[in-house]
Amino acid sequence: MKKIRKTNSIFSITPFTLLDYPDKLACIVWFAGCNMRCIYCYNPDIVLGKGRLSAPDVITFLHSRRLLLDGVVLSGGECTMHKDIIPLVAEIKRMGFSVKLDTNGSMPGVLKKLLDAQLIDAIALDFKALPGNYEMVTGADLFRPFAESLSLLIQSDIPFEVRTTLHSDLISVDYFQQMMSYLQSKHYKGDYFIQQFRNNVPVLGQLNYSLPEFDASRFSTSEIRVLVR
Ligand code: SF4
């Protein structure tokens, strides 16, 4: 196994959550930094901030929670861009925890290694926008790697969900229909979570007040269940 380095790549740990990993008592490990700059990002501190904890610090924390938790959520920022991620996940799995990955899908090579090694139990993949305005929404020209990650996950048998943040200035009814069509064209089957943008919280970019414009759940099909949360 690759040695875990002592680089401070982790911003913080949320010691307990019942919300972020379905059916698990979990903690959340927040990785510092991100290769995107989404206008609506709720975590500017984490995206722009420096890590304070290392992977060995996470392992030490998990040793103290062995009998209390059964899952670990790896989030951020973007956890897959960190060199520590594969040996860290391997160690977390070796300790007996289930692992859920929250990712923007920009690192399909890392994702493939994690999937091939059977180190991940669940994934939430952000579907931020279609190619034409992906860079405007995310500040990064990374639609192609995202699409590659989506294909990888569709071909795998790992449980995963797709999720989109809905801001009324960014996603109209027509645009949402096009995002659904894109998922259908890729033969995605499963849950599609829509997160309504939360107004009045600090975000990375400048956005107007988001109006609750339409009920995305009515776009559910026999293969894609749209759930609003
Ligand atoms: S919302 Fe965008 S900028 Fe924020 S952590 Fe996720 S991918 Fe990075």
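Can you put THR60, THR165, THR7 in order of accessible area, largest first, using a 1.4 Å probe? Let's see the in-between values first.
Working: THR60 95, THR165 15, THR7 60 Å².
My answer, sorted largest first, is THR60, THR7, THR165.
Can you pull the percent of Cα pairs in the range 1-124 with separation above 16 Å?
Details: 4407 of 7626 pairs.
Roughly 58 percent, once rounded to a whole number.
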For a quick check: with amide H placed at 1.01 Å from N, whose amide H comes under 5 Å from TYR192's, ignoring anything fewer than 5 positions away on the same chain? ARG225, VAL226, LEU227
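When only the heavy atoms of the protein chains count and the probe is 1.4 Å, how do VAL162, VAL201 rank by accessible area, highest first?
VAL201, VAL162
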Nearest 20 debye, what's the magnitude of the dipole of the range 8-228 about its Cα centre given +1 on Lys and Arg Cβ and -1 on Asp and Glu Cβ? 440 debye
Of the heavy-atom accessible surface of the chain (probe 1.4 angstrom), what whole percent is carbon and sulfur? 51 percent
With the 1.4 Å probe rolled over protein heavy atoms, the chain has an accessible area per residue in Å² of 49 Å²
Going out from 0 in 10 Å bins, what whole percent of all Cα-Cα distances in the chain drops into each bin? 8, 33, 37, 19, 4
Residue-level accessible surface for SER156, protein heavy atoms, 1.4 Å, Å²: 40 Å²
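Kindly sort ASP57, ASP84, ASP174 by accessible area of their heavy atoms, largest first, with the probe set to 1.4 Å. All intermediate terms of the calculation are to be shown ahead of the outcome.
Working: ASP57 60, ASP84 5, ASP174 110 Å².
Output order, biggest surface exposure first: ASP174, ASP57, ASP84.
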Can you compute the helix-only [θ] at 222 nm over the chain? Use -39500 (n - 2.57) per DSSP H run of at least 4 residues, normalise by all residues, nearest 500 deg cm²/dmol. -8500 deg cm²/dmol
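The values are calculated or read from the model by the stated rules, or taken from the named source; none is laboratory data. Everything numeric here is computed off the predicted structure, so don't read it as measured data. A quick note on method: Cβ atoms are made from the backbone with ideal geometry, for glycine too, and the neighbour counts reach across all protein chains shown. Quick note on the areas: whole protein, heavy atoms, side chains included, nothing else; ligands and nucleic acids left out. Shrake-Rupley method; radii C 1.70, N 1.55, O 1.52, S 1.80 Å.
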